[in-house]
Amino acid sequence: MSKVSLSQRQDAVLCYLVKEYTCTGNAVSSSLLVKKYNLEVSPATIRNDFQKLTQRGYLYKIHTSGGRIPTDKAWKFFVDKIFQEEIISQRKNRLVFEWVEEHRQVFRKKQQLVPLIKELLDVLAKKNHSFYFCYLLGENVLVQEGLNYMFREMAEEQLLSLNFIQPVIDSLDSLGERLKNLKITRIPSVFIGRENPLVKSDQFSSLVTPLRSCSAVLGTIGPKRMPYRENIILLKTISDILA
């Protein structure tokens, strides 16, 4: 079966909708997109695009209102768009770049890595308010920082549900084992929702990259609404320096 491509407007509408949902966590309406992004068409036209995007598996709505929410397929589409941006391969996170450059030789010597990795993860967690981890393959040691940030975008009813929390906790307890055999095909590799092998929940995404000079795997786990562009640039910056 041939793949049906999106029109230029549908492509833009989908990207705008994902951006809006990332910011608010609320279903996005056609009228909001038309007004905020100065789309030169009517809300009815955008609603028609919503319908087509829903039929193709990119969007869904949780109630009878016209607002839509991105599916995992939409998040993957959005992340692929980020990787296609030429500027991504050129951009560096200046703060992290300078810190890692300063400590590059210590990383390469592979001596006293745990406290150094812990300091790096603390920098990353505080900067991005996110959960970061690093698994040292040679030492079989997992270092983690910022776990309190991992659940910050979750709804209150989710956080009060043992059916939601317990599988996530169990996944984190075995995170080192999961990272041992993880296949990383892109720098960084991005795993979204149900395809995420690191957490038993479809509400989270993971970004993972190798640090070859110190035989380690670095990554972050967070809600699907995480800032993908910033995390991709950040992890790529570190991976490039410690390749």
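When the range 181-211 is filtered for residues that are at pLDDT below 90 and among the basic types (Lys, Arg), only Lys200 remains.
Residues in the range 202-233 that are farther than 14 Å from Ile192 by Cα and either touching a Lys or Arg at 6+ places or on another chain (Cβ under 8 Å) or free of Cβ contacts under 8 Å to residues at least 24 places away in the same chain (or both): Thr209, Ser213, Cys214, Ser215, Ile233. Among the conditions (1) at pLDDT below 90; (2) assigned to a strand (DSSP E or B), Glu153 misses just one, which is (2). Candidates are the residues of the range 98-119 that are in contact (Cβ under 8 Å) with a residue 60 or more places away in the chain and open to solvent by less than 50 Å² (accessible area, probe 1.4 Å); the one that is nearest to Lys236 (Cα to Cα) is Val100.
Here Pro167 clears all of (1) open to solvent by 10 Å² or more (accessible area, probe 1.4 Å); (2) outside any loop (DSSP other than H, G, I, E, B); (3) under 22 Å from Ile117 (Cβ atoms) except the condition numbered (3). Within the range 216-243, the residues that satisfy the criterion of being at pLDDT 90 or above and small (Gly, Ala, Ser) are Ala216, Gly219, Gly222, Ser239. Residue count for the range 106-128, restricted to those that are of a type in the set (S, T, N, Q) and assigned to a helix (DSSP H, G or I): 1.
What do you reckon, is Arg194 open to solvent by 10 Å² or more (accessible area, probe 1.4 Å) and closer than 25 Å to Lys92 by Cβ? For Arg194, the condition - open to solvent by 10 Å² or more (accessible area, probe 1.4 Å) and closer than 25 Å to Lys92 by Cβ - is not met. One residue alone among Lys180, Lys200, Lys236 is open to solvent by 20 Å² or more (accessible area, probe 1.4 Å), over 17 Å from the mean Cα position of the chain (by Cα) and not aromatic (Phe, Trp, Tyr), and that residue is Lys180. Considering only residues in the range 129-149 that are farther than 15 Å from Thr209 by Cβ and not in a strand (DSSP E or B), the one that is least open to solvent (accessible area, probe 1.4 Å) turns out to be Gly146.
Would you confirm, using the coordinates I've provided, whether Pro43 is open to solvent by less than 80 Å² (accessible area, probe 1.4 Å) and over 27 Å from Glu230 (Cα atoms)? Answer is yes for this residue.
The values are calculated or read from the model by the stated rules, or taken from the named source; none is laboratory data. Just so you know, these numbers come straight off a predicted model, no measurement behind them. Please note: Cβ atoms are built from the backbone with ideal geometry, for glycine as well, and neighbour counts cover all protein chains shown. Side chains included, ligands, DNA and RNA excluded: accessible areas come from the protein's heavy atoms. Shrake-Rupley method; radii C 1.70, N 1.55, O 1.52, S 1.80 Å.
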